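The values are calculated or read from the model by the stated rules, or taken from the named source; none is laboratory data. Fair warning: this is a prediction, and the values are worked out from it, not measured in the lab. We place every Cβ from the backbone using ideal geometry, glycine too, and count neighbours over all the protein chains shown. Only protein heavy atoms, including side chains, enter the accessible area calculation; ligands, DNA and RNA are left aside. Shrake-Rupley method; radii C 1.70, N 1.55, O 1.52, S 1.80 Å.
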Amino acid sequence: MRFAGLAVSVSGPCFLAVACFASSEGVLPPLHRDVSDSGAAPILHLDASTGTDPDASLPSLPPHSLTSVDPAHGPFPGGTRVLIRGTGFTSAVRVWFGRTEVPATDIVPVDPSRVQVTVPAGRAGSVDVSAQNGDDLSTLTRLPDGYFYDSFYVDPATGPLSGGTLVTLHGDGSDWDQTTKVFVDSGECTVLAVRHVTEQSQELDCKTPPGTPGAKRVRVTTEAGSEDVLDAFTYGDSQTGFAGGLSGDPLAGKLHVVTLNGSTTRAMPATVILGTEITESSVKHTDDNGILDVQDATLGPKVTVTVAAPCFMPTTFVDVPVDTVTAFLDPVLSPDCIPKNGGGTGVGTGGGSSASGARIQGEIVFPSTIEFKRGPWTVPIPDVPDGDTNVRRVAYLFPLAANTSQPLRLPPRGDGVTPDDTGRIGYSFETTVLPGNVTLYALAGVEDRSQNPPLFTAYTLGIAPNTGAAPGATVADVFIKMDIPLDHALSLNVAGPKPTSRGPDRVEAKIGIRVGTFGYVLLPVGVQSELLPATNPLSFVGLPPLVKGLAGAEYLTTATAFTGESHSTPRSVLGALSTTTPGTTESLGGFMEVPHVDVPESGVAWDGRNFTVSAAAGGPDADLLLLELQSGGGLSTWLVVAPGAAENVRVPDLSLVPGLTGPTGPISVTVTRGKLDTFDYASLRYGQLSTRAYTTYAQDVFQTYR
């Protein structure tokens with residue numbers, strides 16, 4: 001029998017559990033506690049053998065209850081932020097999901113009716129949610145089946161409207177095979193691979209269909225039936241950009257090409273050139289829907305594919321080993337071309353951007369000794385003259401960054417949270433984010449806006465994991481516990497790449513914190529730099545310990561070897577060292593060696609077809625080689641994508657194709673060699689063409705003409 005979410009065992013006659021709370025003497029019956037497993041929520045047993053009064057009046061509101069968990073479901077690895085509602089909570093509230101108690105560091109008591117919790121890991125299926133104030137058994141309450149662990153989750157959980165996002169479904173207790181079908185909303189997600197990870201878990205890779213803005217249900221169908229997870233994938237703006245690129249089966253006699261406008265993501269007609277020679281049979285044309293299907297027994301095992309159109313920037317994929325190419329062509333932003341290409345003012349990045357952002361409202365919460373009252377800021381009060389408004393205590397909100405290559409940039413002054421802001425148990429904030437599952441972190445410290453750029457010294461950090469945010473929606477009641485001090489340090493010994501005659505001549509290091517697969521916490525600990533070869537360690541003071549909301553995270557360093565004070569090329573960027581141990585001195589090496597274009601020589605005319613690229617011996621092998629040919633005063637760029645091992649790159653002469661024009665006049669060639677984690681050229685995505693995706697890369701710029 002259950003009362004207000006409490007599991008109750010009753011001996012003796014009683015038709016209502018609530019009536020059993022009053023004996024004939026007006027006192028509670030004897031109580032005892034039963035805990036079957038360590039850490040399990042206790043079960044309260046009542047001995048009602050003394051009888052009850054069935055006419056006892058019922059309370060209008062139970063003193064301790066659980067009424068809801070929002071959201072009521074989430075991924076089985078946990079990590080989702082939920083808000084639990086009920087009655088009778090104190091600042092000492094404890095929470096269980098099934099038999100797993102939530103660590104106190106993952107609980108934010110808001111008021112007697114609300115508590116924010118980070119969900120622990122669990123097994124797929126529903127669990128009871130229980131709460132109790134400290135060790136007081138009389139406050140124990142349970143919400144039966146209060147939370148459901150989804151049987152699978154999708155990563156990444158956000159992608160562009162055009163589809164083409166390569167996602168992985170992680171299943172718990174699943175039974176997937178090559179006959180399994182996956183649907184995002186009503187569109188089928190093309191299944192590419194199914195893997196067994198452990199006896200209990202599987203992974204399934206698929207490519208999302210086009211969709212409409214918002215959070216969508218994902219359905220997995222097998223011979224045994226189907227399973228749904230609501231709001232599992234969100235169509236909207238994406239930081240990952242995993243649309244387009246190469247996919248499909250090994251190239252053997254047939255090729256499928258899709259061409260899309262990189263600005264609008266809509267299908268567009270284009271010219272497709274197969275190979276590097278311009279012949280009647282090598283030049284093809286898509287239909288008006290941007291589709292070209294080629295059946296040719298001579299195709300394979302590899303072919304170079306170039307996609308071009310008047311007033312659009314061409315793209316070449318060298319040595320394509322698979323049967324599907326999806327190309328996004330960015331418009332040439334010339335007044336003569338805009339009416340033709342419909343480019344407007346935006347340039348796409350392989351996937352488009354059309355959904356509005358989401359808003360998150362809540363409070364940053366400092367520790368307090370008074371229950372449900374605002375705590376004081378754990379930030380020193382700056383000693384400044386009266387009337388000086390440039391120096392103040394302030395906190396700023398940030399979403400996790402996609403990488404650590406960029407320094408932390410402060411939002412506008414008006415976006416800061418100050419000790420003067422209102423709040424219930426903290427200090428109110430409101431911020432706009434890209435849609436999807438968002439992890440926010442807050443930094444509180446002292447800023448000085450009299451300097452340019454502003455100086456911000458952070459003292460305290462808080463983090464709120466996995467908040468679902470739909471396009472155009474507002475998520476309220478997000479509480480960020482400011483409980484992690486920034487009082488640790490780390491030093492780096494950096495060994496840069498081999499300098500060429502043109503550089504690099506100095507090195508700069510940055511540090512961030514990698515939070516699982518979600519992204520990075522960036523910190524204002526300053527930028528450390530040294531001339532090459534670096535003889536002194538680069539030290540970072542003001543790091544957080546990896547505890548509480550950062551438990552399981554790791555420090556990740558990024559170093560850049562560059563030329564001159566303006567950070568010019570040649571440059572080499574490395575983000576390869578991760579550690580969980582502060583207070584040490586680590587060695588950082590493994591830079592990608594700087595590339596050099598041997599043909600054409602810098603300042604010598606280009607023949608329109610051939611490049612030869614080399615690099616000094618040593619360093620890691622490159623996964624990708626990119627050549628960006630910029631012409632027309634910087635208005636147009638021809639992107640050439642090749643496997644990293646390529647040295648001699650040959651492209652077709654576009655000037656020989658009627659209706660097309662290759663680059664002419666002065667041409668600036670940016671050459672990039674990059675390495676990625678777990679990379680396969682056969683499943684290349686546009687997001688992997690960005691240097692932000694690389695673990696290390698090196699690049700230089702050369703000048704030629706035609």
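Hey, what's the chain come to in accessible area per residue, 1.4 Å probe, Å²? Present the calculation step by step, with values, prior to reporting the outcome.
On the way: 30550 Å² over 706 residues.
Result: 43 Å² of accessible area for each residue.
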**OP:** Give the ranking of LYS207, LYS302 by solvent-accessible surface, highest area first, calculated with a 1.4 Å probe.
**Re:** LYS302, LYS207
Original post:
For the residue pair ALA121 and THR612, what label-to-label distance in nm results when each label sits 7 Å from Cα along the Cα-to-beta-carbon direction?
Top reply: 5.3 nm
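Which shape class applies to the range 384-517: rounded if a/c is under 1.5, otherwise prolate when a/b exceeds b/c and oblate if not, where a ≥ b ≥ c are the square roots of the Cα gyration tensor eigenvalues?
Details: a/c = 2.12, a/b = 1.38, b/c = 1.53.
Because a/c hits 1.5 or more and a/b fails to exceed b/c, the range 384-517 counts as oblate.
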Original post:
Within the P(r) computed for the range 148-243, what percentage of the Cα pairs occupies the region above 17 Å?
Top reply: 43 percent
Subject >> Gyration tensor (alpha-carbon) shape descriptor, the chain, a/c threshold 1.5 >> reply: prolate
Original post:
log10 I(q)/I(0), Debye, Cα-only the range 82-143, no solvent, q = 0.25 Å⁻¹?
Top reply: -1.09
Subject >> Alpha-carbon Rg/Rh ratio, for the range 435-502, with Rh computed the Kirkwood way >> reply: 1.18
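Note the direction-averaged projected area, equal to a quarter of the hull surface, for the Cα convex hull of the range 85-207, in nm².
Hull-based average projected area comes out at 9.8 nm².
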Subject >> Gyration tensor (alpha-carbon) shape descriptor, the range 209-332, a/c threshold 1.5 >> reply: oblate
Original post:
Of the heavy-atom accessible surface of the range 252-293 (probe 1.4 angstrom), what whole percent is carbon and sulfur?
Top reply: 47 percent
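Given the peptides 614-620, 437-443, arrange them by the average over their residues of other C-beta atoms within 10 Å, most packed first.
On the way: 614-620: 14.7, 437-443: 24.7.
Ranking the peptides 614-620, 437-443 by packing returns 437-443, 614-620.
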Subject >> Accessible surface of PHE76 - all protein chains present, 1.4 Å probe, nearest 10 Å² >> reply: 30 Å²
**OP:** Figure the gain on full extension for THR378 and THR105 (residue separation times 0.36 nm, minus the Cα-Cα span) and round it to one decimal in nm.
**Re:** 96.6 nm
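Give, as a single signed number, the net charge of other residues whose beta carbon lies under 11 Å from the beta carbon of THR67, with Lys and Arg counted +1 and Asp and Glu -1. Don't skip to the end; give the middle numbers.
On the way: positive: ARG85, ARG114; negative: ASP70.
Residues near THR67 contribute +1 overall.
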Original post:
How much net charge surrounds GLU223 when only the other residues with a Cβ under 14 Å from the Cβ of GLU223 are counted, with Lys and Arg +1 and Asp and Glu -1?
Top reply: -2
Original post:
Counting only the heavy atoms of the protein chains, how much of ASP128 is accessible to a 1.4 Å probe, in Å² to the nearest 10?
Top reply: 40 Å²
Subject >> Helix-derived mean residue ellipticity, 222 nm - over the chain, DSSP H n ≥ 4, -39500 (n - 2.57), to 500 >> reply: 0 deg cm²/dmol
Subject >> Backbone N under 18 Å from the GLU586 label point (7 Å along Cα→Cβ), restricted to the range 506-520 >> reply: 508-520
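What net charge do the residues around GLY608 carry, taking every other residue with its C-beta under 12 Å from that of GLY608, with Lys and Arg at +1 and Asp and Glu at -1?
On the way: positive: ARG609, ARG650, ARG706; negative: ASP607, ASP653.
In short, +1.
Restricting to Cα pairs below 8 Å that are 6+ residues apart, what does the relative contact order work out to for the range 107-256? Please round to a whole percent. Provide the component values of the computation, followed by the final result.
Details: 303 pairs, mean separation 31.2, N = 150.
The value is 21 percent.
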Subject >> Inter-label distance, nm, simple model (7 Å from Cα along the C-beta direction), ALA551/ASP293 >> reply: 5.5 nm
**OP:** Would you work out the relative contact order for the range 432-473, in percent, from Cα pairs under 8 angstrom that are 6 or more residues apart?
**Re:** 51 percent
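Round to a whole number: what % of the accessible area of the range 456-520 belongs to carbon and sulfur, probe 1.4 Å?
Numbers: 1190 of 2310 Å².
Looking at the range 456-520 in its full context, I get 52 percent from C and S.
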**OP:** Any chance you could check the Cα centroid distance between the range 248-273 and the range 367-401 for me, in angstrom?
**Re:** 53 Å
**OP:** Determine the percent antiparallel among the DSSP beta bridges restricted to the chain, to the nearest 5.
**Re:** 85 percent
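Which entries in the list LYS207/LYS548; LYS510/LYS548; LYS207/LYS254; LYS181/LYS481 go over 30 Å, if you measure between the two C-alpha atoms of each? Intermediate results must be reported in sequence, preceding the final value.
Numbers: LYS207/LYS548 35 Å; LYS510/LYS548 23 Å; LYS207/LYS254 20 Å; LYS181/LYS481 41 Å.
LYS207/LYS548; LYS181/LYS481, as the Cα separations exceed 30 Å there.
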Original post:
Leaving out ligands, DNA and RNA but keeping every protein chain, what accessible area does ASP505 have, in Å² rounded to the nearest 10, with a 1.4 Å probe?
Top reply: 60 Å²
